[in-house]
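The block underneath contains the structure these notes are about, expressed in structure tokens.
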Amino acid sequence: MGCEETRELIDAYADSELDLVSSLSVERHMQVCEDCMRAHHSLKALRSLMHDESLYFRPSAGLRKHIRSSLRDEVKAARRLRLASWRWLAAAASVALVAIASLTLVQRTKGPSSEDLLAQEVVSNHVRSLMEPHHAVDVPSSDQHTVKPWFNGKLDFSPPVENPADQEFPLVGGRLDYLGGRTVAALVYQRRHHYINLFIWPSNDAHEMSEKPMRRQGYNLIHWDKSGMEYWVISDLNEAELRQFVEIIQNRL
Amino acid sequence: MEDRIARFEQAILPHLDAAYNLARWLTRDVHDAEDLVQEACLRALKSFGGFRGGNARPWLLTIVRNTCYTWMQQNRSRELTTVFDEEIHSGETNECNAETLIMRGADVKQLTKALEELPIEYREAIVLRELEGLSYREIADVADVPIGTVMSRLARARKRLQQSLTGTMRKEVQLGL
């Protein structure tokens, strides 16, 4: 075996990926060729340098916990969906039964809570807003003094608009949206490639409610009531950073 | 249902470090890597029915790798089209010997930088081989290329790393450092 062939196989040799016959040929050549031997030593040195612990990136402790909880949410959501379609099937079957036998059959099933329904609507609106490139905002602007007045005459309240661009949550713009049976303000923020929708409308409840996080279909949601307004935030951003966003917004309100 | 998720976690969670390490090297960003590993785990859960047992690590790494590539195609497509410049990188061998590498204290910081600068498919091969200890066969499966390609990518990646390290050293010598 010559130098050229040896050099072609030397990486596989160092990785113990060569068959026995080729391995022996490489070894025999290196015994008589100082250059190839040096190349092999150099490879070994590089490989030992690569095993330095600091080259291996370890995830934060939070990631494992976060993934475990999102796996559970995912399974729960899938189960709810299956259950829902089962109920639908049962309902359809009972309707058919009514038609055939002219029997009255009333079936009552306990529905999801109003909070669950609202959360589902928030997810739908968020997803829909991102489906088309220009659907996310009606007034594209990072200036709160442009976005806030834009809502005048379109809503029966004036939503607080902040732009924490200095904390890397720049305002992208605002739009009108429809949630829980009323028109609401939707503000869009950005964190790297993640979009955040913040929905605001006057709350029905007089008392305030501190932030409540939830997860739906892989999205993180946080909602709270403050000073007579209801706030819902949703994004595919991780929970920690979304909380940070909420904190920044709350401190400015 | 609980049983299924318990089995999934038992198979997958031990390899979370590997999943994150690969995503971190491919994206070169802590937050992107965290987001993508999470997404990959959800994808893995959905296709867990198709997992036939055996070593879960290459299986999970394949999903992580594909999740990262899809994301990069959408967000950083430029990084996927870097062409390995044959002219510059195959001309001079300039091998440094083992002693030089070690005695000159080619430090890990330089190596990290050199690794980050490798084109993505070379970086991927070297990370899977050196940091994850995958065999050529397993790397070929994860990256969906023939074994011969794995072999040549590894050889070129290492040559390039050696050049980067010795290059830095030569500059230091010239500057009298």
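All of the numbers you see were taken from the coordinates with simple rules; none came from a lab. Treat the numbers as computed from the prediction; the structure is a model and nothing was measured. We place every Cβ from the backbone using ideal geometry, glycine too, and count neighbours over all the protein chains shown.
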Item to complete: Return the distance in nm (one decimal) between the two label points of a simple spin-label model at residue A:212 and residue A:157, each offset 7 Å from Cα along Cα→Cβ.
Response: 1.7 nm
Worksheet item: Once amide H atoms are placed 1.01 Å from N in the peptide plane, what residues at a sequence separation of 5 or more from residue A:195, or on another chain, have their amide H within under 5 Å of its amide H?
Response: A:236
Worksheet item: Under a plain spin-label model, where a point goes 7 Å from the Cα along Cα-to-Cβ, how far apart in nm are residue A:3 and residue A:76?
Response: 6.8 nm
Worksheet item: Relative contact order, percent, of the range A:1-45 when contacts are C-alpha pairs under 8 Å separated by at least 6 residues?
Response: 46 percent
Item to complete: Please work out the Cα center distance from the range B:28-81 to the range A:1-64, rounded to the nearest Å.
Response: 28 Å
Fill in: Under 18 Å from the residue A:19 label point (7 Å along Cα→beta-carbon), backbone N, the range B:138-152
B:147-149, B:151
Fill in: Theoretical FRET efficiency, 1/(1+(r/R0)^6), r = Cβ-Cβ of residue B:31 and residue B:135, R0 41 Å, to 0.05
0.85
Worksheet item: Label points 7 Å out from Cα along the Cβ direction at residue A:131 and residue A:91: separation in nm?
Response: 2.1 nm
Worksheet, complete the sentence: Residues whose modelled amide H sits under 5 Å from the amide H of residue A:179, counting only those 5 or more places away in sequence or on another chain, are A:184
Discussion item. Spelling out what I want: for every residue of the range B:17-26, take phi, set θ = phi - 60°, compute 6.51 cos²θ - 1.76 cosθ + 1.60 (Karplus), and round to whole Hz; glycine and proline get x.
Written reply: 4, 4, 4, 5, 4, 5, 4, 5, 6, 6
Worksheet, complete the sentence: Length-normalised contact order of chain A, Cα under 8 Å, at least 6 apart, in percent, tallies to 12 percent
Worksheet item: Given 0.36 nm per residue, what is the gain on full extension from residue A:193 to residue A:64 after removing their alpha carbon distance, in nm?
Response: 44.2 nm
Worksheet entry | Principal axis dimensions, the range A:113-252 - Cα atoms, whole angstrom, descending | 36, 33, 31
Worksheet, complete the sentence: Once phi for every residue in the range B:34-49 is put through the Karplus expression 6.51 cos²θ - 1.76 cosθ + 1.60 (θ = phi - 60°), the whole-Hz ³J(HN,Hα) values, with Gly and Pro written as x, are 4, 4, 6, 5, 4, 4, 4, 5, 5, 4, 4, 4, 5, 9, 4, x
Worksheet item: Tell me, what is the percent relative contact order of the range A:113-252, built from C-alpha pairs under 8 Å that lie six or more residues apart?
Response: 19 percent
Worksheet entry | Cα-centre dipole for the range A:120-253 with unit charges at Cβ (Lys and Arg positive, Asp and Glu negative), debye to 20 | 180 debye
Fill in: Rounded to whole Hz, the Karplus (6.51, -1.76, 1.60) HN-Hα couplings of the range B:130-140, x for glycine and proline
7, 8, 9, x, 6, 6, 4, 4, 5, 4, 4
Response to the item:
What the Cα atoms of the range A:3-55 span along the principal axes, largest first and in whole Å, is 36, 23, 15
